[in-house]
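Only one structure is covered here, and it is reproduced in the block below.
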Amino acid sequence: MLLALILLPMLAAAVCAPAGKKTKIRNAVAILAAAAELALAILIAAKPDLSFSLHGAVGCELMFETDGFRRVYLVVIAFLWLMTMLFSPEYFAHYKHTTRYFFFNLMTLGATMGVFLAADLFTALVFFEIMSFTSYTWVLQEETPEAIRAANTYLAIAVIGGLSALMGIFLLEHVFGTTKISALAMQEENRKVLYAAGGCVLVGFGAKAGMFPLHIWLPKAHPAAPAPASALLSGLLTK
């Protein structure tokens, strides 16, 4: 069920792409996918804590789980996404490359769900990187010189931040043998290593979240992105 929350919008994105010329069908698929995602998130939120592991993915194990906070976040994400999706067809009525937007919008939704469901730092980073690369196209959407410059800055910060976070995660795995968030919270030994690795992770995710003084992409990216995308960037992804 947890994997369905990630794969559902991604599969819908694959349907949107070939339906691009049939605008009404594409819009309907995107909106129905967002509505189904909200219904699934509410269903999962009503259940006890769930966990799921995917072995052998990207050469490692991807771990997912739900708890009190995650259940709330899943519903909030799905609700906000549905609201922007309902507004998107009218907003993009006279835009070019709209199929690309809907495709990557749904891909980003799946990746964002993966971030919030992640039970360990490695899984969180994998889906954060997917989320960063798919949302890059939002900033690039209008393809003006300003949008291209803003998108390049956004991508550069995403890559640098990802490498910094990955360095910290590798250090944690090497010293403590785990990147599971609940296990790392209980560590009492090697505090210096823990702080060093935590610093790398903080810089990595802080850059992606627009944390001062790593926020240089924010003033460029948000105005360049279309309004529905900017609402998700500022109201959800950076949070």
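The values are calculated or read from the model by the stated rules, or taken from the named source; none is laboratory data. Everything numeric in this text was worked out from a predicted model, so none of it was measured. Cβ atoms come from the backbone with ideal geometry, glycine included; neighbour counts cover every protein chain shown. Surface areas here come from the heavy atoms of the whole protein model, side chains and all, with no ligands, DNA or RNA. Shrake-Rupley method; radii C 1.70, N 1.55, O 1.52, S 1.80 Å.
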Residues located in segment 132-156, provided they are closer than 27 Å to Cys60 by Cβ and touching a Leu at 6+ places or on another chain (Cβ under 7 Å): Ser135, Tyr136
Please determine, by comparing only the residues of segment 112-133 that are part of a helix (DSSP H, G or I) and touching a Ser or Thr at 6+ places or on another chain (Cβ under 6 Å), which one is nearest to Ala30 (Cα to Cα). Met131
Does Met167 satisfy the criteria of being assigned to a loop (DSSP other than H, G, I, E, B) and within 25 Å of Leu117 (Cβ to Cβ)? no
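Among the residues that make up segment 179-189, is at least one of them in a helix (DSSP H, G or I), loosely packed, with under 15 Cβ neighbours inside 10 Å and at pLDDT 75 or above? Walk me through how you get there before you give the answer.
Restricting attention to segment 179-189, the residues satisfying the condition of being in a helix (DSSP H, G or I) are 181-184.
Right, trim to loosely packed, with under 15 Cβ neighbours inside 10 Å and you get 182-183.
Within this subset, residues satisfying the condition of being at pLDDT 75 or above are none.
So far as segment 179-189 goes, no, none of its residues is in a helix (DSSP H, G or I), loosely packed, with under 15 Cβ neighbours inside 10 Å and at pLDDT 75 or above.
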The conditions are (1) open to solvent by less than 10 Å² (accessible area, probe 1.4 Å); (2) touching a Pro at 6+ places or on another chain (Cβ under 6 Å); (3) of a type in the set (Phe, Trp, Tyr), and Phe102 fails exactly one of them. Which is it? (2)
Please find, within segment 198-239, the residue that is farthest from Thr178 (Cα to Cα) out of those that are outside any helix (DSSP H, G or I) and open to solvent by 20 Å² or more (accessible area, probe 1.4 Å). Ile216
Complete set of residues in segment 206-236 that are under 21 Å from Phe122 (Cβ atoms) and touching a helix residue (DSSP H, G or I) at 6+ places or on another chain (Cβ under 6 Å): Ala207, Lys208
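Do we have Tyr136 as modelled with pLDDT under 90, surrounded by fewer than 21 Cβ atoms within 10 Å (Cβ to Cβ), among the aromatic types (Phe, Trp, Tyr) and outside any helix (DSSP H, G or I) here? Give the derivation first.
Values: modelled with pLDDT under 90: yes; surrounded by fewer than 21 Cβ atoms within 10 Å (Cβ to Cβ): yes; among the aromatic types (Phe, Trp, Tyr): yes; outside any helix (DSSP H, G or I): no.
Here the answer is no, as Tyr136 does not meet what is asked.
Quick check on this structure: which one of Pro18, Pro48 is within 26 Å of Pro228 (Cβ to Cβ) and outside any helix (DSSP H, G or I)? Don't jump to the end; show me each part of the working.
Details: Pro48 fails: within 26 Å of Pro228 (Cβ to Cβ).
Matching residue, one of Pro18, Pro48: Pro18.
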Being under 18 Å from Ala225 (Cβ atoms), in contact (Cβ under 8 Å) with a residue 12 or more places away in the chain and of a type in the set (A, V, I, L, M, F, W, C) is true for just one of Phe133, Phe176, Phe122, Phe127. Which residue is that? Phe133
Of the residues that make up segment 143-152, is at least one on the phi > 0 side of the Ramachandran plot and not in a helix (DSSP H, G or I)? yes
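Consider Phe52 carefully, then state whether it is surrounded by 13 or more Cβ atoms within 10 Å (Cβ to Cβ), over 22 Å from Lys239 (Cα atoms) and of a type outside the set (A, V, I, L, M). Show your work before the answer.
Working: surrounded by 13 or more Cβ atoms within 10 Å (Cβ to Cβ): yes; over 22 Å from Lys239 (Cα atoms): yes; of a type outside the set (A, V, I, L, M): yes.
Judged against the criteria, Phe52 is a match.
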When Ala30 is evaluated against the numbered criteria (1) surrounded by 13 or more Cβ atoms within 10 Å (Cβ to Cβ); (2) over 20 Å from the mean Cα position of the chain (by Cα), which criterion, by number, is the only one it fails? (2)
Pairs, first within 12 Å of Ser88 (Cα to Cα) in segment 216-239, second open to solvent by less than 10 Å² (accessible area, probe 1.4 Å) and hydroxyl-bearing (Ser, Thr, Tyr), C-beta under 7 Å, six or more apart: Pro228/Ser88
